[in-house]
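Below is one structure, written out as structure tokens; comments come after it.
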Amino acid sequence: MMKDKGAKKRKGLGVVYDRLRNEIDRPIYAMLVDADDLVHRDLVPFVRGSKPCHGWMVDTGYFYFEHEWPFLVNVPGNFDQTCGTSIIMRLDEHVPRSADMAGHPLMGPHNEIAAHCRNIGKPLDIVPFRAVIQCRATNENVLSADFKYEGIRPMLGLLRRSRIMTKRIRQNFMLG
């Protein structure tokens, strides 16, 4: 399955790059987005207004347990380790160009991409705001397990890291 998913990523990103590289006079960036995740409306303007770099990583974000928990759960760091919608890649530097790259780290699990980029001397910059909400406990992802915390300590920790889904957050993530 991972081989197939990697082939889809490679083909899709390669097509985007090939199509745009002669039309645009600045680096081309792409972000793979899971269908059930939400992206902040200021992310694209942030990327377009930033100086060229190797790419970005969303290090902090939110979990949202739709229909099970009425709050957002703050993820204060390492968001890329749990959310696939967390890496913005510079296509001319990071997308494998040959057909035999099925084992390339960018074609595998998302939680290895930032380390790979760092190891090859092309570290990703950090997006300076919470730019993604990972919707969990939906039928769209593998995280559809029941949202249960047994015991008072785990529940208190969850409450401490939670915040209300405000009107501003809803607007920033285009929820109305």
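The values are calculated or read from the model by the stated rules, or taken from the named source; none is laboratory data. No experiment lies behind these values; they were computed from the predicted model shown. As a convention, Cβ positions derive from the backbone with ideal geometry for all residues, glycine included, and neighbour counts pool all protein chains shown.
Restricting the first member to segment 160-176 and to residues that are aromatic (F, W, Y), and the second to residues that are outside any loop (DSSP other than H, G, I, E, B), the beta-carbon pairs closer than 6 Å and six or more apart or on different chains are F173/L38; F173/I133. The criterion of at least 1 residues that are at positive phi is met, among strands (runs of 3 or more DSSP E) falling completely within segment 28-68, by 55-57.
Here D42, D92 are screened, and the one residue that is out of contact with any Phe, Trp or Tyr (no Cβ under 6 Å at 6 or more places or on another chain), surrounded by fewer than 21 Cβ atoms within 10 Å (Cβ to Cβ) and at pLDDT below 90 is D92. Figure legend. Inter-residue proximity from segment 75-91: first residues over 18 Å from S162 (Cα atoms), second residues outside any loop (DSSP other than H, G, I, E, B) and hydroxyl-bearing (S, T, Y), beta-carbon distance below 8 Å, spacing 6+ or different chains. Indicated pairs: I88/Y29; M89/Y29; R90/Y29; L91/Y17; L91/Y29. Looking at A145, A99, just one residue is at pLDDT below 70, closer than 19 Å to D34 by Cβ, part of a loop (DSSP other than H, G, I, E, B) and of a type in the set (A, V, I, L, M), and that residue is A145.
Selection of segment 151-176 for residues being part of a helix (DSSP H, G or I), surrounded by fewer than 10 Cβ atoms within 10 Å (Cβ to Cβ) and at pLDDT below 80 yields I152, R153, R160.
Can you name the residue in segment 57-73 that is within 20 Å of R160 (Cβ to Cβ) and hydrophobic (A, V, I, L, M, F, W, C) and is also modelled with the highest pLDDT among such residues? Ranking the candidates gives F63 first.
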